[in-house]
1. Only bridges whose two residues both fall in the chain count here: according to DSSP, what percent of them are antiparallel, nearest 5?
2. Subtract the Cα-Cα distance of ARG560 and VAL257 from 0.36 nm times their separation in residues, and report this length gain in nm to one decimal.
3. Just subtract the alpha-carbon distance of LYS30 and ARG402 from 0.36 nm times their residue separation and send over the number in nm, one decimal.
4. Taking the Cα centre of the chain as origin and charging only Cβ (+1 Lys, Arg; -1 Asp, Glu), how large is the dipole, in debye to the nearest 20?
5. So which of LYS3/LYS97; LYS363/LYS514; LYS514/LYS546; LYS279/LYS363 end up more than 30 Å apart by C-alpha?
6. Rolling a 1.4 angstrom probe over the protein heavy atoms, how many square angstrom per residue are accessible across the chain?
7. Just to verify a number: what accessible area does ILE329 come out at with the full protein assembly present, 1.4 Å probe, Å² rounded to tens?
8. Zone of ASP5 (label point 7 Å along Cα→Cβ, backbone N under 20 Å): which residues in the stretch 60-99?
Amino acid sequence: MAKIDFDMVGIGQLLRSGRLRVPPNQRSYKWEEEHITDLFQDLAKAIDGEDYFLGTIVLTDSAGAIPEVTDGQQRLATTSILLAAIRDFYLGRGETKLAGQLEAEFLSFTEYRTHETVPRLTLNTDDAQFFTESILQPPEQRPEFDLADLSESNRRLANALTLASAHVAKITSQFRETDMESVLARWIDFLRDKALVMQIKVPDASSAYRMFATLNDRGLRASQADLIKNFLFGKAGSRLTEAATKWSAMSGAIETVGDDELVILYLRHLWVSKNGPTKEDDLAEAIEDKIKGTQTALGFLRDVDESASHYVALFNPEHSKWNGYKTVIRSHVRTIYQDLKVEQIRPLLFAISRHFSPAEAVKAFQLCVNWSVRFLVAGGRGGFLDRHYGLRAQEIGVATIRSANDLADAMREFVPNDALFEAAFAKASVTQSSLARYYLRTIDAVMSGETEPEWVANPETEVVNLEHIMPKVPDDNWDIDPDIAAANVKRIGNMVLMQATPNVALGNAGFSDKKKEYAKSSFAVTAGVSAHKKWGIAEIDARQAKLAKVAVTAWPIDLRKSGGRKRK
């Protein structure tokens, strides 16, 4: 990695150190009232204490250029707005000298060659003019505007100034007239010297992207996406409007199922499906290496736009994309997203949804469900899964793999085989109730001889829920050591599905009472427990071994071995 500089500085000191600019195509000002208020309140609590840390500010600092704010725009802009509100308060009291000093130090300065007023912080294309003219300039120089006519981000900036002005009025109203200036001076000193940020300077976008991948702060993925967007827009040249339209359509689609951070996951999964396994911290460099000109940039952006609906559909079983498929595919989508909650397989699902026929996609999605269960139970290393799911996604993209059977053949040596899966299932404990319910619902469907893939035990916990045969905290009704009970209570063999009402009524009852209710159950996976005379570790072992044999049939490694039977 190229040289990266770190420095802990006050956020005000960073603003007064020169000029900063937000890249023209980076996201606009996003903070709502709650974010602004939280910052002001946090600063008010910290001002009488020690230094206060505001997080990281990442700057792309190419030689000879104005440093670009890659991450930290919201904090820098909001701090500037607070300082502008203090300047406005000075002007309202006739303190023009103090107001001018604050303005020159933190907000804007006069270029001695051109005599032009230059902002210390320049926002993106959408916000730069409004920020400079309606916030950084003194009130008497600001143009009139109607909030209804402003863009959404400009309205947020205007609201931020209103909130900042109210905050300044509040902190000064607690003091006598003669003390107000010293109070504001303390705030200015605090913002300059003690409201600290970690300033990180990187030489280029690729270095910034890799830096984001090593930082674990919430929200940095959104900035990674901005870096890629700005690179692609730069390559678009005179066709910038076309590029921006495609990006906007994509981000709007992705944000219907997740926040801005999901955009970077989508971009990586799209890239993986076209180019093979790619780590998140290598994505920006990979894109820059492969996309060299306007045509390749626009081609990629076209794919980014057109593929977004396929990706969004992976999160929504009711998405219109699935209208042309057999109904069971909605069950598979729901199972993967809601029950299993697996993410590493998403690039493979993405490739299947884009390139397979509806008939083959249904079978391939079921295979993905089966493999996911096998890896969850028998174990699978994250890097191992990323690699092989990514390779299969790429092979589907280049048409090396054309069908579910081709996919099964390509994955056969990597998925836990029947013997490994059965052995692991026979010992498995499940801490997530939703996952245990899914396992039992599926096993029950097989035990009951159900062949209709749409059939499923009622998933609503208000109607059907999970019952632990041996309770989590056994009382005198159970002749078992509490430590042994705790070690076995979450094993699959100790769980059944029950109608909610009798389950609540049973509570901590003894096994002799519980098994009477189990015998009445319509669930085969539950009714069979009533054949036992007592319940303990030996019974749990025996039942779980039987369930493990059914599990091999319920989640086959290859649909050809199961006669193509589809299971939910």
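1. Values: 18 of 28 bridges.
Around 65 percent of the beta bridges assigned by DSSP in the chain are antiparallel ones.
2. On the way: separation 303, 0.36 × 303 = 109.08 nm, distance 3.47 nm.
Extra length from ARG560 to VAL257 when fully extended: 105.6 nm.
3. Working: separation 372, 0.36 × 372 = 133.92 nm, distance 4.36 nm.
This chain segment gains 129.6 nm when fully extended.
4. On the way: 70 positive and 77 negative charges, 513 e Å.
Using only the charged Cβ atoms, the result is roughly 2460 debye.
5. On the way: LYS3/LYS97 42 Å; LYS363/LYS514 40 Å; LYS514/LYS546 21 Å; LYS279/LYS363 28 Å.
In this structure, LYS3/LYS97; LYS363/LYS514 exceed 30 Å between Cα atoms.
6. Details: 25360 Å² over 568 residues.
For the chain, the solvent-accessible area averages 45 Å² per residue.
7. Roll a 1.4 Å probe over it and ILE329 shows about 0 Å².
8. What the label zone holds, given the 20 Å backbone N cut-off, is 60-73, 76.
The values are calculated or read from the model by the stated rules, or taken from the named source; none is laboratory data. None of the values given here were measured: they were computed from a predicted structure. A quick note on method: Cβ atoms are made from the backbone with ideal geometry, for glycine too, and the neighbour counts reach across all protein chains shown. When the accessible area is computed, the model is the full protein with side chains, heavy atoms only, and any ligands, DNA or RNA have been set aside. Shrake-Rupley method; radii C 1.70, N 1.55, O 1.52, S 1.80 Å.
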